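Peer 1: Got a structure here, written out as C-alpha cells. Questions coming.
The values are calculated or read from the model by the stated rules, or taken from the named source; none is laboratory data. These figures come from a predicted structure and were not determined experimentally. Neighbour counts run over all protein chains shown; Cβ positions are idealised from the backbone, glycine included. With ligands, DNA and RNA removed, areas are computed over all heavy atoms of the protein, side chains included. Shrake-Rupley method; radii C 1.70, N 1.55, O 1.52, S 1.80 Å.
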Amino acid sequence: MNRTWEEAGWEQLTPGVARRRLPRWDATAGLVHGPAAVLMVDAGATLLEGAQLRHQAEEVLGRRVTHLALTHPHFDHLLGSAAFAGTQIYGAIRMDLMMGGTRARETLRDDAVRHGLDGEAATEAAELLPRPNHLVSGEMTVPLGDGRDAVLVNVGPGHSGHDLAVLVPGRGGEASVVFCGDLVEESGEPQAGPDAVPAQWPAALDRLLALGGEDALYVPGHGAVVDAAFVRAQRDELAARFGVS
C-alpha cells in the first residue's frame with residue numbers, strides 16, 4: 001500500500017496538490033499531479049534532498065515524477081535538480097545561463113557553502129546541475145491529465161532576475177494554488193541578494209496577485225501557506241522598504 005502525503009512528511013493543500021517544508025533553510029518543495037504527469041516544484045538544496053523528494057513523491061503516487069519547475073536560480077531551491085534525471089525541466093527565460101557554465105556553477109556552489117552547506121556536497125550538486133530544457137518568457141501550460149493543468153508564469157524579476165510562479169487553477173470549488181518561490185516569504189523577512197531587482201519586486205507581486213486572485217492559497221518559498229492579504233501586505237512593505245510605488 002502506498003504511503004499518504006502526511007506519512008511521507010508532506011502537506012496536501014488540495015486534491016492533486018501538495019507541498020513540503022524542507023529542513024535547515026525552511027525552503028518549500030511542491031508537487032502537482034494528474035493521471036498523465038507529475039510536476040515537482042523546486043528540487044531542494046542537495047542531491048540527497050532532491051533524491052528524497054523524488055522518492056517520497058513516487059512512493060506516495062506509485063509513479064514517476066515527469067516534470068520539474070524551478071522558481072528561481074538560488075542554491076536552496078535547485079541544487080537537487082540532478083536527482084530528477086529524465087524529467088522535463090522548466091525555468092524562466094535566461095535561467096539556463098544562471099545554471100550553465102563554470103562561473104555560474106561556482107557562484108551557486110560558493111553561495112551554498114557560505115550559507116553552511118558542506119563543500120563536497122555543494123560541489124557535486126553544482127557540477128551535475130542540469131539546465132532547464134523549457135524556458136518560460138510569458139506563460140506555459142503543462143497538462144497533467146483529466147483537466148488538471150499547471151500554468152508556469154514568468155512573473156519576475158523581483159527576488160531574482162528569473163522568478164517563475166506555478167499556478168494550479170482550482171476545480172469544482174477547490175481553491176487555486178500559487179507556488180510563489182521567494183517572491184513571497186512567510187518565515188522571515190524577504191531576502192534581497194545581489195541578483196534581486198528591488199525596483200520591480202512590488203510589481204511582480206501585483207502580477208502574482210492578479211494570477212491567483214483573492215481566494216487562492218499562496219505557497220511561499222519559505223514558511224507557511226498564506227492568503228492574498230498577506231501577499232498584498234508584503235508587497236506594500238517591500239515597496240516602502242525599497243522606495244518604490
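Peer 1: At a 1.4 Å probe radius, carbon and sulfur cover how many percent of the accessible area of the chain? If you can, show how the numbers build up before the last one.
Peer 2: Numbers: 5050 of 10130 Å².
Carbon and sulfur: 50 percent of the exposed surface of the chain.
Peer 1: Now for a different question. Rolling a 1.4 angstrom probe over the protein chains, ignoring ligands and nucleic acids, what is the accessible area of SER137 in square angstrom, nearest 10?
Peer 2: Taking all protein chains as shown, SER137 has close to 90 Å².
Peer 1: Mind giving me the nanometre distance, one decimal, between the label points for HIS134 and GLN191, set 7 Å out from Cα along Cα→Cβ?
Peer 2: Between HIS134 and GLN191, the simple spin-label model gives 2.8 nm.
Peer 1: Limiting things to C-alpha atoms, what are the Rg and the maximum Cα-Cα separation (Dmax) for segment 1-65, in angstroms?
Peer 2: Computed over the Cα atoms of segment 1-65, radius of gyration and Dmax are 10.9, 33 Å.
Peer 1: Compute for segment 116-221: radius of gyration divided by Kirkwood radius, i.e. Rg/Rh, restricted to C-alpha atoms, rounded to two decimals.
Peer 2: Values: Rg = 15.7 Å, Rh = 15.3 Å.
With Rg and the Kirkwood Rh in hand, the quotient comes to 1.02.
Peer 1: Then there's this: For a label point 7 Å from the Cα of ASN2 along Cα→C-beta, name the residues of segment 30-50 whose backbone N is under 20 Å from it.
Peer 2: 30-42, by backbone N distance to the label point.
Peer 1: Let me ask something else. State the three equivalent ellipsoid semi-axes of segment 62-123, derived from the C-alpha gyration tensor as the square roots of 5 times its eigenvalues, in descending order and whole Å. Intermediate values should be presented prior to the final figure.
Peer 2: On the way: eigenvalues 92, 44, 18 Å².
Listed largest to smallest, the semi-axes of segment 62-123 are 21, 15, 9 Å.
Peer 1: What full-extension length gain, to one decimal in nm, is calculated for ARG171 and ARG232 as 0.36 nm per residue of separation minus the Cα-Cα distance? Don't skip to the end; give the middle numbers.
Peer 2: Values: separation 61, 0.36 × 61 = 21.96 nm, distance 2.43 nm.
Value of the extension gain: 19.5 nm.
Peer 1: Let me ask something additional. Send over a whole-number figure in Å² for the accessible area per residue of segment 136-245, probe 1.4 Å. Numbers along the way, then the final one.
Peer 2: Working: 4270 Å² over 110 residues.
Per residue, segment 136-245 has 39 Å² of solvent-accessible surface.
Peer 1: Can I ask one more? Return the percentage of antiparallel bridges among DSSP beta bridges fully within the chain, rounded to the nearest 5 %. If you can, show how the numbers build up before the last one.
Peer 2: On the way: 27 of 40 bridges.
Beta bridges within the chain, antiparallel portion: roughly 70 percent.
Peer 1: Can you give the log10 of the normalised intensity I(q)/I(0) at q = 0.17, 0.26, 0.33 Å⁻¹, computed with Debye over equal Cα scatterers of segment 196-237?
Peer 2: Values returned for q = 0.17, 0.26, 0.33 Å⁻¹ are -0.43, -0.95, -1.26.
Peer 1: Still on this structure, I have one more. Report ³J(HN,Hα) in whole Hz for each residue of segment 133-150, in order, from the Karplus equation J = 6.51 cos²θ - 1.76 cosθ + 1.60 where θ = phi - 60°; Gly and Pro get x.
Peer 2: 9, 9, 10, 9, 9, x, 10, 9, 9, 10, x, 10, x, 6, x, 8, 10, 10
Peer 1: Along the Cα→Cβ direction, 7 angstrom out, place labels at ALA51 and GLU106. What is the inter-label distance in nm?
Peer 2: 2.8
Peer 1: Once you sort the root eigenvalues of the Cα gyration tensor of segment 1-134 as a ≥ b ≥ c, which label holds: rounded (a/c under 1.5), prolate (a/b larger than b/c) or oblate (the other case)?
Peer 2: Working: a/c = 2.16, a/b = 1.55, b/c = 1.39.
Prolate, because a/c is 1.5 or more and a/b exceeds b/c.
Peer 1: Over segment 1-118, what is the relative contact order in whole percent, taking alpha-carbon pairs under 8 Å and six or more residues apart? Write out the running numbers ahead of the final one.
Peer 2: Working: 196 pairs, mean separation 23.2, N = 118.
It comes to 20 percent, rounded to a whole number.
Peer 1: Computed from these coordinates, which is semi-axes √(5λ) of the Cα gyration tensor in Å: [x] 38, 21, 17; [y] 24, 23, 16; [z] 25, 21, 19?
Peer 2: [y]
Peer 1: Please give the calculated 222 nm ellipticity per residue for the chain, where each DSSP H segment of at least 4 residues contributes -39500 (n - 2.57) and the sum is spread over every residue; nearest 500 deg cm²/dmol?
Peer 2: Numbers: 7 runs with 73 residues, N = 245.
Per the formula, -9000 deg cm²/dmol.
Peer 1: Send over a whole-number figure in Å² for the accessible area per residue of segment 29-124, probe 1.4 Å.
Peer 2: Values: 3640 Å² over 96 residues.
That works out to 38 Å² for each residue.
Peer 1: Can you compute the FRET efficiency between ARG114 and ALA224 using 1/(1 + (r/R0)^6), with r the Cβ-Cβ distance and R0 = 30 Å? Round to the nearest 0.05.
Peer 2: Details: r = 26 Å, r/R0 = 0.88.
The pair ARG114/ALA224 has a calculated efficiency of 0.70.
Peer 1: Rounded, prolate or oblate: which fits segment 170-245 when a ≥ b ≥ c are the square roots of the eigenvalues of the alpha-carbon gyration tensor, with rounded for a/c under 1.5 and prolate only if a/b beats b/c? Don't skip to the answer; put the middle values down first.
Peer 2: Numbers: a/c = 2.24, a/b = 1.76, b/c = 1.28.
Prolate shape, in that a/c is at least 1.5 and a/b is the bigger ratio.
Peer 1: Starting from the 7 Å offset along Cα-to-Cβ, what nm value, one decimal, do you get for the label separation of ALA210 and ASP146?
Peer 2: Roughly 3.3 nm, to one decimal.
Peer 1: So, one more: May I ask for the equivalent-ellipsoid semi-axes of segment 127-175, computed as the square root of five times each C-alpha gyration tensor eigenvalue and listed largest first in whole Å? Mind dumping the intermediate values first?
Peer 2: Values: eigenvalues 119, 45, 17 Å².
Taking √(5λ) for each Cα gyration eigenvalue gives 24, 15, 9 Å.
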